[in-house]
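A short reminder: the numbers here are calculations on the coordinates, not readings from a lab. Predicted, not measured: the structure shown is a model, and the values here were computed from it. Note: ideal-geometry Cβ built from the backbone for every residue, glycine included; neighbour counts use all protein chains shown.
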Amino acid sequence: MSFIKFVGTAGARFVVMKQLRASGGVWLSVGKTNLYIDPGPGALVRCLSSKPRLDPSILDGILLTHKHLDHSGDINVMIEAMTEGGFKKRGVLFAPRDALEEDPVVLNYLRGYVDRIEILKESTDYRIGDIRFSTAKRHWHRVETYGLNFETEPYRVSLIPDTRFFPELPDLYHGEILIIHVVRLKPIGDDPIDHLSIEDVKTIVKKTRPKLVVLTHFGMTLIKAKPWIVADELEKDLGIRVIAASDGMKIDLEEV
Ligand SMILES: [Zn+2]
């Protein structure tokens, strides 16, 4: 059974710092393959305390969409956990080049623990066991950031991580299940910011018409507005199923 589990749903600084939501990222399981995406602060603890428990030593890979702390805080300890302290050399680390080279977030001594490191580049296909995915165009974000299209069956899954809205964005993601990192309820004035707002989500969804939209990675303005209420309103407005992720929420990818 393939699934995606939202280990954490916090986004941006304040929700993460105060842990108003957990900041663990997501666990994706397809066939026999397990991939962890964006292990933010607390990922290891949340995996081990999750019910049923998620055991990082069965992971086949860990992926960073980008190196910001809320996505990468536990990357090192998760590599240790995946490789059982380095005693079992295994797994693949996927990360943009700038997460490994300039001001890197992955410690050098851990890099030899994994089987291989694959650099994420834009518009490129990757495969790890039963999981096939491609990156889209580089996002408009202060650090190198890539969104992902997973070729899962029967429904494809797309993950749109942090970005400033840009006109081609909706055309890059074709998943029937569309996961969007939406930090803000409203844009800040006319100033474009580096994160998506609910207004941007409307623009994207109207164009892509997925089967299911999952909102996650909430910043303070969304937490205050209660994400499940925002999701309900969006669903009525768009005529498409919209869910606000909660910490620990699991979606069975075959039964959407
Ligand atoms: Zn970011």
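Observations on the model:
- Inter-label distance for I119 and R209, nm, one decimal - labels placed 7 Å from Cα along Cα-to-Cβ: 4.0
- Taking a straight line from the alpha carbon of K186, these lysines sit under 30 Å away, with near neighbours fewer than eight places off in the same chain left out: K5, K18, K67, K137, K202, K206, K207, K211, K224, K226, K236, K250.
- Segment 32-57 and segment 68-119 have Cα centres lying 15 Å from one another.
- Label point 7 Å beyond Cα of E153 along Cβ direction - residues of segment 128-145 with amide nitrogen under 15 Å: 130-133
- Among beta bridges from DSSP that stay inside the chain, the antiparallel ones total about 45%.
- Label-point separation in nm, R132 to V77, each point 7 Å along Cα→Cβ: 3.7
- Of all DSSP-defined beta bridges confined to segment 64-205, some 50% are antiparallel rather than parallel.
- Burial order of peptide ranges 42-55, 117-130, 194-207 (average beta-carbon count within 10 Å, highest first): 194-207, 42-55, 117-130
- Label-to-label distance for K202 and E233 is 1.0 nm, based on points extended 7 Å past Cα in the beta-carbon direction.
- The spacing between segment 3-20 and segment 147-222, judged by their C-alpha centroids, is 16 Å.
- Residue ranges 230-237, 214-221, 172-179, 84-91 sort as 214-221, 172-179, 230-237, 84-91 when ordered by packing (mean number of other C-beta atoms within 10 Å per residue, highest first).
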